[in-house]
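To keep things clear, I will list the structure first and then write my remarks on it.
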Amino acid sequence: MQTLRLGTRGSPLALAQARLVADALIKAHDRLEIEIVTLKTGGDRIQDRPLAEIGGKALWTKELDRALLAGETHLSVHSMKDVESFRPEGLGIAAMLPRADVRDKLIGAASIDALGEGAVVGTSSPRRAAQLLALRPDLDIRTFRGNVATRLARLDKGEADATLLAAAGLDRLGMSEIGTPIEIDVMLPAAAQGAVGIDARDGDEEVRRLLAAIDHRPTHRCVLAERAFVAALGGDCHSPVAAHATLDGERLVLRAQILSEDGAATVEGEAEMPLDDVAPAAALARELLDEAPESIGKLFA
Ligand SMILES: NCc1[nH]cc(CCC(=O)O)c1CC(=O)O
């Protein structure tokens, strides 16, 4: 029997995703045991300020990265959406699970159009805020953080009329019946939304071989293209950026959008590329920035 120590955050969503990875590994390999190691991250402790203000994405991954680099764990499970563009030296994403529903869901109203004039929408995602304001400049967007259950409780208490959450997270928590999905031509998702990734140490060939067996290549390819777009922009979670790739036979089609924070300006485009070369994703980022007005350009200066 071989035992792998799997590092994860302790939120209900993180634990559900950790179990999905553990189950996939056990199914793929005989005589393998997984021990789930729950780690606290900075992001879990600070709930009242927008993520962008308190240090961005690295907050979620730092403690998992440290434990993995120190050899306390063999792998880390992440929502790929929360993984910063550049990983620390010595670590890299080795596999991804098949992607779940990539759409955002609106909770609290039947549709964006159905929201009342000036309705309060709680979100701390600059992308969701800008996309909503682009459609409905009258909305009053307020900071709303915390894990999925916390946000739903704040909505129940009347702190906002509506909120947006990823369908993937709700599905994995067994809350599929909550909210109305918004189609991706109305609200393009964040890069990597709905994808779960598994980090391993560079050079840990044993673990990387075990992970290769559960890697879902179409998801992995699409997410790499989306991340290449965001990396080339110099974007992170401070930026109102959407990127979503799909496969069309042996080609990958990437759609991307960048917005000003108030949603007044939007630039969007599409690029097609082979599965194994994401350079056109970076080229699309430069193209969109070139044509972007100052209100967008200054976000990526
Ligand atoms: N930043 C929080 C976060 N990271 C990943 C998900 C959902 C699951 C996913 O997109 O894979 C969520 C919650 C949300 O956006 O509703």
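The numbers here are math on the coordinates, done by the rules we state, and not lab data. Being a predicted model, the structure only gives us computed values, none of them experimental. Reconstructed Cβ throughout: ideal geometry from the backbone, glycine too, with neighbour counts over all protein chains shown.
Taking the longest Cα principal axis of the chain as reference, the axis of helix 12-28 is set at about 40 degrees. Once the Cα atoms of helix 126-135 and of the chain are each reduced to a long axis, what angle between those two axes, in degrees from 0 to 90 to the nearest 10, is obtained? Long axis of 126-135 versus the principal axis of the chain: about 30 degrees. Amide H contacts for Arg99 (H built 1.01 Å from N in the peptide plane; partners 5 or more residues away or on another chain; cut-off under 5 Å): Thr219.
For Val77, Val120, the sequence from fewest to most other C-beta atoms within 10 Å is Val120, Val77. The angle separating the long axis of helix 217-233 from the principal Cα axis of greatest extent in the chain is about 50 degrees. Per-residue Cβ neighbour counts within 10 Å put Met96, Met1 in the sequence Met1, Met96, beginning with the fewest. Lysine pairs in the chain whose alpha-carbon atoms fall under 17 angstrom of each other, counting only those eight or more residues apart or on distinct chains, come to 5.
For the range 73-78, backbone phi angles converted through the Karplus equation (6.51, -1.76, 1.60; θ = phi - 60°) give residue-by-residue couplings of 10, 9, 7, 10, 9, 10 Hz, Gly and Pro being listed as x. Residues whose amide H comes within less than 5 Å of that of Leu91, counting only those at least five positions distant or on another chain, are Asp202 (H built at 1.01 Å from N in the peptide plane).
Fewest neighbouring Cβ atoms within 10 Å first, the residues Lys81, Lys27 line up as Lys27, Lys81.
Counting every alpha-carbon pair across the chain, the share separated by more than 29 Å comes to 34%.
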